[in-house]
Amino acid sequence: DRYATALVHFNRALQLGIDDHWALDYRAMTLVALGDAKAAEADLTELLRGRVGDIDYAIEWAERCMDAHEFGLAVHVCDTFEELTAPDPEVTLSRLQALSQNRNGALLPALEQAVKDFPEIGEFSAYLGSYLMDLGEYNRAAEVLLRAESVDPYHGRVQFEIGNFYLDRQNDKLLIQHFLRAFETDDIGFEEKLGVIEYYTQFLYSPTVSA
């Protein structure tokens, strides 16, 4: 196996002290390819400690790990970067992307922490509100979304999720109001807009829709 062979060479290079960072970086890539997350984690920790504050490097590695379906390792990269520096919205977003695939129950507290760390960033509040609605926690979702709206009433994604909230509540007056606000921004893509319109038309003649 070419990865196993490469690992032997990188191990040898590191033992000889030949360009440690280069060899360590490639060994970490090899370990990820081999599925040895534990060994890769140790190398990545050392690499990140050697490049404190290099956000592009950290995000690149988080994306590599996610591409390899090593979502726990991607979270480790994000956690290590922030432990060495400070919370960063781009790194936080990468962590949330990894956790959304991990399905280990860690996404909700991570979303709550993201909103706490970055209350001014509407995407995190919208994400949390949407996730809470998926869990059936509509009162908490409304609280999060309305608080975000008070911070930025023109945030398209927040308005979109408030529209989804009222769509579920079957309040056509308020859902139209918030969806129209969302559609006026560039935050919502054409496919999402079309999906809302198609879904909403199912209820146009429903007697349960509020006036």
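A 1.4 Å probe run over the protein chains yields, for the chain, 56 Å² of accessible area per residue, whole-number rounding. For segment 133-142, putting each phi into the Karplus relation 6.51 cos²θ - 1.76 cosθ + 1.60 with θ = phi - 60° gives couplings of 5, 4, 7, x, 9, 6, 5, 5, 4, 4 Hz, in residue order, rounded to whole numbers and with x for Gly and Pro.
Give the relative contact order (percent, whole number) for segment 29-77; include only Cα pairs under 8 Å separated by 6+ residues.
Details: 31 pairs, mean separation 19.7, N = 49.
RCO, segment 29-77: 40 percent.
In this structure H76 has an accessible area near 40 Å², from a 1.4 Å probe over the protein heavy atoms. The alpha carbon centroids of segment 125-183 and segment 48-69 are separated by 33 Å. The accessible surface of segment 60-211, taken with every protein chain in place and a 1.4 Å probe, is 52 percent carbon and sulfur. In segment 80-208, the alpha-carbon atoms span a convex hull of 117 Å³ per residue. Positive end of the dipole of segment 60-211 (Cβ unit charges, origin at the Cα centre): among L107, G195, V151, the Cα lying farthest that way belongs to G195.
Hey, what did the chain get for relative contact order, percent, Cα under 8 Å, at least 6 apart? Computed value for the chain: 10 percent relative contact order. Based on the alpha-carbon gyration tensor of segment 1-148 and its eigenvalue square roots a ≥ b ≥ c, which shape applies: rounded if a/c is under 1.5, prolate if not and a/b is larger than b/c, or oblate? In terms of gyration-tensor shape, prolate. Compared with the dominant Cα axis of the chain, that is its longest principal axis, helix 37-49 is turned about 90°.
For segment 23-73, the Stokes-Einstein estimate of translational diffusion at 37 °C and a viscosity of 0.692 mPa s comes to 306 µm²/s, using the Kirkwood hydrodynamic radius over alpha-carbon pairs. Rank R27, R169, R157 by mean-square fluctuation in a GNM of the chain with C-alpha springs under 10 angstrom and give only the top-ranked residue. So, out of R27, R169, R157, the one fluctuating most is R169. Starting at 0 and stepping by 5 Å, how many percent of the alpha carbon pairs of segment 70-133 end up in each bin? In whole percents, the pair-distance histogram is 4, 20, 31, 26, 15, 4, 0. Using 0.36 nm per residue, how much length does the chain from H69 to Y138 gain when fully extended, once their Cα-Cα distance is taken away? Once the chain is fully extended between H69 and Y138, it gains 21.7 nm. Phi angles across segment 67-83 convert, under the Karplus curve 6.51 cos²θ - 1.76 cosθ + 1.60 with θ = phi - 60°, into 3J(HN,Hα) values of 4, 8, 6, 9, 5, x, 5, 4, 5, 4, 4, 5, 4, 5, 4, 6, 5 Hz, Gly and Pro given as x. Within the listed set E82, E192, E60, the Gaussian network model of the chain (springs between alpha-carbon atoms below 10 Å) gives the highest mean-square fluctuation for E192. Quarter the surface of the alpha carbon convex hull of segment 1-87 and you get the mean projected area, 5.3 square nanometres.
When the chain is treated as a GNM, springs tying every alpha-carbon pair under 10 Å, which of T85, T185, T201 comes out with the largest mean-square fluctuation? Maximum among the listed residues: T201.
The values are calculated or read from the model by the stated rules, or taken from the named source; none is laboratory data. Since we're looking at a predicted model, the values are computed, not measured. Reconstructed Cβ throughout: ideal geometry from the backbone, glycine too, with neighbour counts over all protein chains shown. Heavy atoms of the whole protein, side chains included, go into the accessibility calculation; ligands, DNA and RNA do not. Shrake-Rupley method; radii C 1.70, N 1.55, O 1.52, S 1.80 Å.
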